[in-house]
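Beneath this line is the structure, given in structure tokens, with notes to follow.
The values are calculated or read from the model by the stated rules, or taken from the named source; none is laboratory data. Since the structure is predicted, the reported quantities are computational estimates derived from the model, not experimental observations. Every residue, glycine among them, receives a Cβ derived from its backbone with ideal geometry; neighbour counts consider all protein chains shown.
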Amino acid sequence: MIVAGIMSGTSLDGIDVAMVDIRGRSFSVMDSWTVPYPAGVRQAILKASSPADIARLHFLLGELYAEAVTRKKHHPELIACHGQTIHHEGEPLPYLGRRIASTLQIGEAAVIAERTGIPVVSDFRPRDIAAGGRGAPLVPFVDYLLFRHPRRGRVALNIGGIANVTIIPAGARPDQVVAFDTGPGNMVIDALVELRTKGKRTFDKDGKLAARGKVDTALLRRLLAAPYYRKNPPKTAGREQYGDAFVERLLRARRPLVDLIATATLLTASAIALGIRRFAPSPVDELIVSGGGAKNPVIMKHMAALLPGVAVATSSDFGIDIDAKEAIAFAILGYQTWRGRPSNLPSATGARRPVILGSITPALRPPAGRGR
Ligand SMILES: Nc1ncnc2c1ncn2[C@@H]1O[C@H](COP(=O)(O)OP(=O)(O)O)[C@@H](O)[C@H]1O
Ligand SMILES: [Mg+2]
């Protein structure tokens, strides 16, 4: 079955699409591409706060996802769309006399199904939250399928807006996988670069600015003292933690922006290394990096230095394009849902049990062999 996976992450840089041919337990990636968000959409997502804004964006993103997936001539039989997270609070918080965990991904599946005539699996996270989990991370299920090894301890690291690891000990069973968000990925760096370039650039291409700046070690030490980095997994992070308020805290250090960019870049790498060193239950042999941060050589250099004895590779070295990895993962998760199989890893999300994720929006007409 050909499944199109669609992912847009917390960096708000755009839409990643992967076309995956899944046959039983094996699959091959036929194609993958990225469509940047049109001008203004990123800011609109960041600013959306009224129900009207959110509802409009929900439908607009549905159109954009449908356009992104039909940009190339493939014939997927299923679309698996993660959507754009605009709120994620995996940890239950007191609310109106109860404790409520919540998450919201937008990009209306009805619009995607209507434009493409293809059934859509969307809203992957809520069911895991309903089952007592944090709704994230979900990709570890796929990391386990892709990267587990009988004799090598491996860590799959994705550096998107937030950075997250899937620690797969040598010969591990699924319930021995440890996965969590380590802290910031590119989100803080991106915000500082936007300030420094007055909005002309949204990220530190090839780590050039970080390479020019001087790390403020005292500031870095203060940042790394935050309790989050020592908290036991499962745990998740988001823009709620590393958005504007966090960046303002950095600005109060009154250092040149290039120095803050250098410091934020080392913070990303240090938080990842700290997470792995603290929470990997057994020796790690290989680190397999994906996400846009894998293209930042300063992050990659810090990673190698902070994790001596660990071989640092990218997912591309394993045949999985670094930009497509999460879209591929959601194609596989969507396929599991379509087949009626659970695909959360309770050890990663904290859910009480494995659950079938997502909501299915039917195609225009029942495909041959199904329905009537
Ligand atoms: N050449 C590059 N040099 C440095 N950073 C890059 C480069 N290309 C992409 N990035 C970073 O990767 C981010 C996008 O990563 P991505 O994996 O798409 O994250 P997300 O899943 O959060 O959208 C960009 O915002 C940018 O910070
Ligand atoms: Mg992205």
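Within the range 132-152, residues that are more than 22 Å from Arg353 (Cβ to Cβ) reach partners that are modelled with pLDDT of 95 or more and β-branched (Val, Ile, Thr) with beta carbons closer than 7 Å, at six or more positions or on different chains, in the pairs Leu146/Ile320; Phe147/Ile168; Phe147/Ile288. Pairs meeting the criteria (first residue in the range 59-78 and at negative phi, second residue among the hydroxyl-bearing types (Ser, Thr, Tyr), beta carbons under 7 Å, at least 6 apart or on different chains) are Ala66/Thr116; Val69/Thr116; Thr70/Thr116; Leu78/Tyr335. Of the helices (runs of 4 or more DSSP H) lying entirely inside the range 194-254, the ones with 3 or more residues being more than 26 Å from Ile276 (Cα to Cα) are found at 208-212, 244-251.
Given the structure, is Ile168 of a type outside the set (Gly, Ala, Ser), touching a residue at least 24 places away in the same chain (Cβ under 8 Å) and either out of contact with any helix residue (DSSP H, G or I) (no Cβ under 7 Å at 6 or more places or on another chain) or near ligand 1 (Cβ under 8 Å from one of its atoms) (or both)? First the steps, then the outcome.
On the way: of a type outside the set (Gly, Ala, Ser): yes; touching a residue at least 24 places away in the same chain (Cβ under 8 Å): yes; either out of contact with any helix residue (DSSP H, G or I) (no Cβ under 7 Å at 6 or more places or on another chain) or near ligand 1 (Cβ under 8 Å from one of its atoms) (or both): no.
Against the criterion (of a type outside the set (Gly, Ala, Ser), touching a residue at least 24 places away in the same chain (Cβ under 8 Å) and either out of contact with any helix residue (DSSP H, G or I) (no Cβ under 7 Å at 6 or more places or on another chain) or near ligand 1 (Cβ under 8 Å from one of its atoms) (or both)), Ile168 does not qualify.
Tell me, please, whether a residue that is part of a helix (DSSP H, G or I), within 11 Å of ligand 1 (Cβ to nearest atom), among the small types (Gly, Ala, Ser) and at negative phi can be found in the range 298-307. Checked the range 298-307: no residue is part of a helix (DSSP H, G or I), within 11 Å of ligand 1 (Cβ to nearest atom), among the small types (Gly, Ala, Ser) and at negative phi. Is there a residue being of a type in the set (A, V, I, L, M), within 22 Å of Gly9 (Cβ to Cβ), in contact (Cβ under 8 Å) with a residue 24 or more places away in the chain and surrounded by 13 or more Cβ atoms within 10 Å (Cβ to Cβ) anywhere in the range 211-228? No - not one qualifying residue is present in the range 211-228.
Taking the stated definitions as given, is Gly292 modelled with pLDDT of 95 or more and surrounded by 16 or more Cβ atoms within 10 Å (Cβ to Cβ)? For Gly292, the condition - modelled with pLDDT of 95 or more and surrounded by 16 or more Cβ atoms within 10 Å (Cβ to Cβ) - is met. One residue alone among Asp181, Asp190, Asp259 is assigned to a helix (DSSP H, G or I) and within 16 Å of ligand 2 (Cβ to nearest atom), and that residue is Asp190.
So that you can scan it fast, the table gives a plain yes or no per residue for (1) away from ligand 2 (no atom under 16 Å from the Cβ); (2) hydrophobic (A, V, I, L, M, F, W, C); (3) surrounded by fewer than 21 Cβ atoms within 10 Å (Cβ to Cβ):
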{"site": "Met1", "(1), (2), (3)": "yes, yes, yes"}
{"site": "Ser26", "(1), (2), (3)": "yes, no, yes"}
{"site": "Val35", "(1), (2), (3)": "no, yes, yes"}
{"site": "Leu61", "(1), (2), (3)": "no, yes, no"}
{"site": "His75", "(1), (2), (3)": "yes, no, yes"}
{"site": "Cys81", "(1), (2), (3)": "no, yes, no"}
{"site": "Gly90", "(1), (2), (3)": "yes, no, no"}
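Among the residues of the range 263-283, are any of a type in the set (Ser, Thr, Tyr) and either within 26 Å of Pro150 (Cα to Cα) or touching a Lys or Arg at 6+ places or on another chain (Cβ under 7 Å) (or both)?
Let us first name the residues in the range 263-283 that are of a type in the set (Ser, Thr, Tyr), namely 263, 265, 268, 270, 282.
Now restrict to residues that are either within 26 Å of Pro150 (Cα to Cα) or touching a Lys or Arg at 6+ places or on another chain (Cβ under 7 Å) (or both): 282.
Yes, that holds for at least one residue.
To keep it simple, each residue is scored yes or no on (1) farther than 14 Å from Leu12 by Cα; (2) in contact with a Pro (Cβ under 9 Å, 6 or more places away or on another chain).
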| site | (1), (2) |
| --- | --- |
| Asn158 | yes, yes |
| Thr166 | yes, yes |
| Pro169 | yes, yes |
| Ala179 | yes, yes |
| Gly185 | no, no |
| Leu192 | yes, no |
| Lys198 | yes, no |
| Asp206 | yes, yes |
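Anything in the range 265-297 that is among the small types (Gly, Ala, Ser) and assigned to a helix (DSSP H, G or I)? List them, or say none. Within the range 265-297, Ala269, Ser270, Ala271, Ala273, Gly275, Gly292, Gly293, Ala294 qualify.
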